[in-house]
Amino acid sequence: MAQQLSELPPLAVIAFGVTLAIIFVVRYAGISAGANSSPQKSASTAEVAAVIVDPTALNNATAAVKELAAELKADREQKDDHVHMLCRRLETLAGEMQGLTRSIGSLVLEMARKR
């Protein structure tokens, strides 16, 4: 391997060295950042980790979300029924208004003839 590296042009050897240096610096920075963000140093991180690790809390949260979704679905269906019922009543009122408008129109014509 050393013989293969010595056969490379100097610029390629320098680029290889710089690349290796960058890899080691990034690795070291990642390890030190991970050590600095341990749960002992951040209470909120510890709480999040406890929720993620604890399957009971996750199962309880899942059950609560399912229950909420079921209630919202039932509420939406009830509102849909109410909207449908209101639309039917508005159709009935519109029909009655058309009938009254026709009656008033015929009364106006009849009163105009009598004059």
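Some notes on this structure:
- Meets criteria (assigned to a helix (DSSP H, G or I) and either at pLDDT below 65 or of a type in the set (Ser, Thr, Tyr) (or both)) for residue 44: yes
- Filter pass, residue 61 being open to solvent by less than 80 Å² (accessible area, probe 1.4 Å) and at pLDDT 75 or above: yes
The values are calculated or read from the model by the stated rules, or taken from the named source; none is laboratory data. Here the structure is a predicted model, which means the values were calculated and not measured. Remember, those area values only see protein heavy atoms, side chains included, never the ligands or the DNA or RNA. Shrake-Rupley method; radii C 1.70, N 1.55, O 1.52, S 1.80 Å.
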